[in-house]
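Colleague: Input: one structure, supplied below.
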Amino acid sequence: MNSKYNSLFESVTLPNGVELKNKFVLAPLTHISSNDDGTISDVELTYIEKRAKDVGLAINAASNVNDLGKAFPGQPSVAHDADIEGLKKLAQAMKKNGAKALVQIHHGGAQALPELTPDGDVAAPSPISLKSFGQKQEHDAREMTSEEIEQTIKDFGEATRRVIQAGFDGVEIHGANHYLIHQFVSPYYNRRNDIWAENLKFPMAVIDEVIKAKKDYASDDFIVGYRLSPEEAESPGITMDITEELVNAITKKDIDYIHVSIMDIYSKTRDGQYEGQNRLELIHKWINGRMPLIGIGSVFTADDALNAVEDVGVELVALGREILLDYDFVGKIKEGRESEIISYFDPEREDNHELPPKLWQQFNNGFYPLPRKDQ
């Protein structure tokens, strides 16, 4: 290995004492490849084992905690006890080579797809119409009742129990990307006039419920992380001031890391008092060493990963689109073969980048922005 990359392979210790073998994280990637009922498919197991083999922390795709929250075709489910047997196989595949394996627990909220939910029902903090995953036409979301909100919080706890029983090492609470938890934080989505209008009340309640499930069913070394999106284009939306409040609240809980969802590790704040500052650097400063920060966004080369750690300053670097293009990304760096990393999509590759067929088709159709050999 080229010695300049040594720091990427240093271990990282989480607040709960768990040691990760290196600074690489498999991001929770939407693969649309679970069975239609949300149980784990064979093709999914093969795909995830390859991507998890060299990282220190592996996070499975966003997994719906109840049927109303399903937001993707082929989305894995943690909503039913019947899901546990398949999840056990998934945990084994992800942990096979020493990674700590997590499930990202998720509810789509307004972004849930009517064709995937019971009776086409979609519920959100407040009524809204919008397009979601792959949709050409808007759908309507109604306002959740207080009883549904309370039940959804419990559903996050029950999902955590199932993850524990399946043998995973932890959960990541999905509070990002315009899904339900994010929606409660956002003044664009949350226009309620009851107790749930307070934008941090719902995410903190979910965190508390997940931590309670950990205490009831798991050991102290069970990992709980939180993913957030730092800013919204919508107005009025989440600002960096709101994110600062959220980060300060999260860091007072028994959380083991914060994971920021952005498209570029160098992305800068849109406006306000922090306009023009690097988002990850700001959040890292606010965390103030209380827990590791996972950064992600356009990491396609070994030097991109190194810059995230040594320049931007994050403790852990997540691999998204790149580890889909080349599942051996981390191994090639470790073996001194970083020049052989595949950093573009090649529709002519005979191995289809070792992607599940449905995910390969999405790449080929240009569903996700990424470098391509044929352009």
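The values are calculated or read from the model by the stated rules, or taken from the named source; none is laboratory data. Being a predicted model, the structure only gives us computed values, none of them experimental. Glycine gets a Cβ as well: all are built from the backbone with ideal geometry, and neighbour counts include every protein chain shown. Ligands, DNA and RNA are stripped out before the accessible areas are found, and what is left, the full protein with its side chains, is counted by its heavy atoms. Shrake-Rupley method; radii C 1.70, N 1.55, O 1.52, S 1.80 Å.
Colleague: For region 55-149, run through the trypsin sites (Lys or Arg not before Pro) and keep only the ones in DSSP coil with at most 11 other Cβ atoms within 10 Å of their Cβ.
Modeller: Passing both the DSSP loop test and the Cβ count: 131, 136.
Colleague: For the chain, modelled as a GNM with alpha-carbon contacts under 10 angstrom, which of 236, 356, 347 fluctuates the most?
Modeller: For the chain, modelled as a Gaussian network with Cα springs under 10 Å, the answer is 236.
Colleague: Would you calculate the separation in nanometres between label points at residue 311 and residue 234, each defined as 7 Å from the Cα along the Cα-to-beta-carbon direction?
Modeller: The answer from the label model is 3.3 nm.
Colleague: Turning to a different aspect of this structure: Take every DSSP beta bridge with both residues inside region 3-343 and express the antiparallel ones as a percent of the total, to the nearest 5.
Modeller: Roughly 15 percent of the DSSP beta bridges within region 3-343 come out antiparallel.
Colleague: Determine ³J(HN,Hα), in whole Hz, for all residues of region 180-196 in sequence, where each value follows from phi through the Karplus function 6.51 cos²θ - 1.76 cosθ + 1.60 and θ = phi - 60°; x replaces Gly and Pro.
Modeller: Going residue by residue, I get 4, 4, 4, 4, 5, 6, 7, x, 6, 8, 9, 10, 6, 10, 10, 5, 7 Hz, with x marking Gly and Pro.
Colleague: Looking only at GluC sites (Glu not before Pro) in DSSP loops with at most 14 other Cβ atoms within 10 Å, what is the longest site-free stretch of the chain?
Modeller: 11-137
Colleague: Might you tell me the accessible area per residue for the chain, computed with a 1.4 Å probe and given in Å²?
Modeller: 39 Å²
Colleague: Working out 0.36 nm times the residue gap between residue 354 and residue 129, then minus their Cα-Cα distance, what length gain in nm do you get to one decimal?
Modeller: 77.3 nm
Colleague: Test of understanding: what is the full-extension gain from residue 191 to residue 154, defined as 0.36 nm times their sequence separation minus their Cα-Cα distance?
Modeller: 11.1 nm
Colleague: For the chain, give the magnitude of the charge dipole about the Cα centre (Cβ charges: +1 Lys/Arg, -1 Asp/Glu; no others), in debye to the nearest 20.
Modeller: 560 debye
Colleague: Okay, helix-only estimate at 222 nm for the chain: each DSSP H run of n ≥ 4 adds -39500 (n - 2.57), divide by all residues, round to 500 deg cm²/dmol; what do you get?
Modeller: After summing the helix terms and dividing by the residues of the chain, the value is -8500 deg cm²/dmol.
Colleague: Something else: Distance check, please: which entries in 50/96; 53/285; 53/334; 50/88; 53/215; 23/268 exceed 20 angstrom between their Cα atoms?
Modeller: 53/285; 53/215; 23/268
Colleague: Let me spell out the model: positive unit charges on the Cβ of Lys and Arg, negative unit charges on the Cβ of Asp and Glu, origin at the Cα centre of region 28-111. What dipole size does that give, in debye rounded to 20?
Modeller: Its charge dipole is roughly 460 debye.
Colleague: Hey, if you put +1 on the Cβ of every Lys and Arg and -1 on every Asp and Glu Cβ in the chain, which of 16, 213, 144 ends up farthest toward the positive end of that dipole?
Modeller: The one lying farthest along the dipole's positive direction is 16.
Colleague: Label points 7 Å out from Cα along the Cβ direction at residue 13 and residue 263: separation in nm?
Modeller: In this crude label model, residue 13 to residue 263 measures out at 3.9 nm.
Colleague: Count the net charge of all other residues whose Cβ sits under 11 Å from the Cβ of residue 274, scoring Lys and Arg as +1 and Asp and Glu as -1.
Modeller: Its environment carries a net charge of -2.
Colleague: Mind running the shape call on region 170-290? Use the C-alpha gyration tensor, a ≥ b ≥ c as the square roots of the eigenvalues: rounded below 1.5 for a/c, prolate if a/b tops b/c, oblate otherwise.
Modeller: Cα axes put region 170-290 in the oblate bin.
Colleague: Taking amide H atoms as placed 1.01 Å from N in the peptide plane, list the residues 5 or more away in sequence, or in a different chain, whose amide H sits under 5 Å from that of residue 238.
Modeller: 188, 232
Colleague: Report the label-to-label distance for residue 208 and residue 253 in nanometres (one decimal), using points 7 Å from each Cα along the Cα→Cβ vector.
Modeller: 1.0 nm
Colleague: Also: Please name whichever of 134, 272, 124 sits farthest to the positive end of the charge dipole of the chain, dipole taken about the Cα centre and charges placed at Cβ: Lys and Arg +1, Asp and Glu -1.
Modeller: Ranked along the dipole, the leading option is 272.
Colleague: Sticking with this structure for a sec: Working out 0.36 nm times the residue gap between residue 373 and residue 4, then minus their Cα-Cα distance, what length gain in nm do you get to one decimal?
Modeller: Full extension from residue 373 to residue 4 adds 130.0 nm.
Colleague: How about region 249-280: which trypsin sites (Lys or Arg not before Pro) there lie in a loop by DSSP and see at most 12 other Cβ atoms within 10 Å?
Modeller: Loop-located and lightly packed - 252.
Colleague: Within region 1-21, find all residues whose amide N lies under 14 Å from a label point positioned 7 Å from the Cα of residue 303 along Cα-to-beta-carbon.
Modeller: 4-5
Colleague: In what sequence, highest mean first, do 57-64, 120-127 appear when ranked by Cβ atoms within 10 angstrom?
Modeller: In decreasing order of mean packing, 57-64, 120-127 become 57-64, 120-127.
Colleague: Let me ask you something else. Specify the inter-centroid distance of region 243-306 and region 51-112, based on alpha-carbon positions, in whole Å.
Modeller: If we compute the Cα centre of each part, the gap is 23 Å.
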